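Have a look at the structure below before the remarks.
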Amino acid sequence: MYFSGQELQRAPIGMFDSGVGGLTVLRQMYRQLPNESIIYFGDTARLPYGSRSAAEILQFVREILSWMQQQRVKMVLMACNTSSALALETVREEFDMPILGIILPGAKAAISCGKRIGVIATAATAKSNAYRRAILEVNPDVQVWQVSCPEFVPLVEQNRIHDPYTVEVARSYLEPLLEQDIDTLVYGCTHYPHLAPVLRSILPTCVKLVDPAVHIVKACSRELDLQGIKNTHLPLPTRFTVSGCPQQFAKSSLQWLGCTPMVEKVHLPNVVVSQ
Ligand code: DGL
């Protein structure tokens, strides 16, 4: 990709998730890096990613990154743990742009909080063991328990946060972690911070909650500084794009953004990779 220095600073940052989960990362971008222009993509036609195979997720991520590259982004944030767990290492080799994952920043933050760490995640992320590996690589002296929570993403996407059923499901997911006396709980899926009031009402107050969204954005800020490409001008309005129904996304994101965004539907390019 060829940009002049000025162009590179002003170029947008691409972010993606399967749906509204990545908005928890977007909120952090607005807080920590308010000058950056952002293109957000939600792969709503194909969510949830958590029940997909590794090959499917890799294919989706390749398509999204190819499209992001066409939009001339200067960097991509994977605002999705499942994609970071299953595709980050492979696609970093394939694309000529900085791509930041969310697992390592989350793992590092968890280690600074406690020694008995619980991770709640999608089935695909939990099965990949990505959090356990990342946490133990940084500090082998802590203990990690992972629980997959397949019902959470559909409940968040359907905006059923305050449904009594959601509380019941959350209790059953957290039970095995509470039995282990965890002192720290990591949101291993970007949809889960939307469930904070429910989770907080179940967890003892001494359990610290780690939101990797905060830490991927800190990592993004450091990377922009390192490369000298932080935008010092006013940002463009965020461009919201989805693969599914724009109206549905606009409606469900209202409560997380505090306004109804204009949402475009985009068609992703087919990417064929020779194996
Ligand atoms: N929010 C995503 C994550 O962090 C994906 C959830 C899903 O679509 O299952 O893993």
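Overview of values
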| read-out | value |
| --- | --- |
| The chain shape via C-alpha gyration tensor axes, a/c threshold 1.5 | prolate |
| Low-density loop cleavage sites - GluC sites (Glu not before Pro) in region 171-275, where at most 13 other Cβ are within 10 Å (DSSP) | none |
| Of all accessible heavy-atom area on region 88-216, the percent that carbon and sulfur account for (1.4 Å) | 50 percent |
| Gyration tensor (alpha-carbon) shape descriptor, region 42-90, a/c threshold 1.5 | prolate |
| Max mean-square fluctuation residue, GNM over the chain, Cα-Cα springs under 10 Å, options Gln255, Gln146, Gln69 | Gln255 |
| Choice from Ala110, Ala124, Ala45 with maximal GNM fluctuation in the chain (Cα, 10 Å cutoff) | Ala45 |
| Modelled FRET efficiency - R0 51 Å, Cys206 with Val272, Cβ distances, 0.05 increments | 0.50 |
| Whether region 1-41 is rounded, prolate or oblate, judged on the alpha carbon gyration tensor where a/c under 1.5 counts as rounded | oblate |
| Ellipsoid equivalent to region 102-212 - semi-axes via the Cα gyration tensor, in Å | 22, 15, 11 |
| Selected from Leu77, Leu224, Leu209 as most flexible by GNM, with the chain as the system and alpha-carbon contacts under 10 Å | Leu224 |
| Cβ-derived FRET efficiency at R0 35 Å, Leu234 paired with Phe95, nearest 0.05 | 0.80 |
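The values are calculated or read from the model by the stated rules, or taken from the named source; none is laboratory data. Not measured: the values here are computed from a predicted model. Please note: Cβ atoms are built from the backbone with ideal geometry, for glycine as well, and neighbour counts cover all protein chains shown. For accessibility, only protein heavy atoms count, side chains too; no ligands or nucleic acids. Shrake-Rupley method; radii C 1.70, N 1.55, O 1.52, S 1.80 Å.
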